[in-house]
Amino acid sequence: MIDLMKYTIAALLLVGISHAESRTCRVVYPERPNDAPKMAHLFDGKESTAITLPSMNLSEVIKLPKGDISVVMTQQKITDPEQIPVAAPKVNIPENVSHCYIIIMPDPKNPHFPVKLNLVDAGDAKFKAGETLWYNFTEHRILAKLGKVDFDISPKGRAISKPPQATSGYYVARFAYMAQGTQAAAPITEQSWWHDADHKHVGFMANTGGKLPKIYYFRDFRMKEEDEQAPPVEE
């Protein structure tokens, strides 16, 4: 009985260590053109992983090896580093980055794969549960009242907003924008949104071709990979 307990404790410790040492990444292509690829392969120096390139959600969770690595995106699976096309989009991931996002942007000039890869450190030291990482792709300053939090983001800027409240639940999200060249704020929307205090969020403010910017966000269930990925919240 004692030996069985020893083995059980040892197994649980190994599982805990393995989980703590896991290193992950997720990909999103927020301004993906209609004719852009929707699938790709990520080569991390050891393995080539087939991934989706979603525009309205995060990709599946991608496991990464330890150390300073370079991740390359290709159209075909890579089995030999010598096969990597010279022009293939690449991003370096430092050893101290345990969890990250790769934000994909269009790059029509790239002859191999028309995208650029942008790394975002999603580790807890940079970005905490309950917070939202926002990208503003518009030429306008966006102003927001998210629950109890006042927040604004510069044109073409990136920023993290604090949790709108301490616990999970519904809150009122109000958005307005100051059009380029003006100082007057015009309303975009006022909605009741759900706040998940246990997970991180990623949000985007995008041009629509119309008057009002489009605002949407989604939750990152990276730390609970068994959970089903939630659909984005969009306005």
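Within region 142-176, work out how many residues are touching a residue at least 24 places away in the same chain (Cβ under 8 Å) and in a strand (DSSP E or B).
Residues meeting the conditions: 18.
Looking at region 91-126 only, could you name the residues that are closer than 14 Å to D44 by Cβ and surrounded by 14 or more Cβ atoms within 10 Å (Cβ to Cβ)?
Passing the criteria: V91, I93, V97, C100, I102, L117, L119.
Say whether the condition of being in a strand (DSSP E or B), among the aromatic types (F, W, Y) and either in contact (Cβ under 8 Å) with a residue 60 or more places away in the chain or not assigned by TED's automatic domain parsing to the domain that holds G203 (or both) is met by at least one residue in region 96-115.
Yes: one or more hits.
The values are calculated or read from the model by the stated rules, or taken from the named source; none is laboratory data. Remember, it's a predicted structure, so these values are computed and weren't measured experimentally. Please note: Cβ atoms are built from the backbone with ideal geometry, for glycine as well, and neighbour counts cover all protein chains shown.
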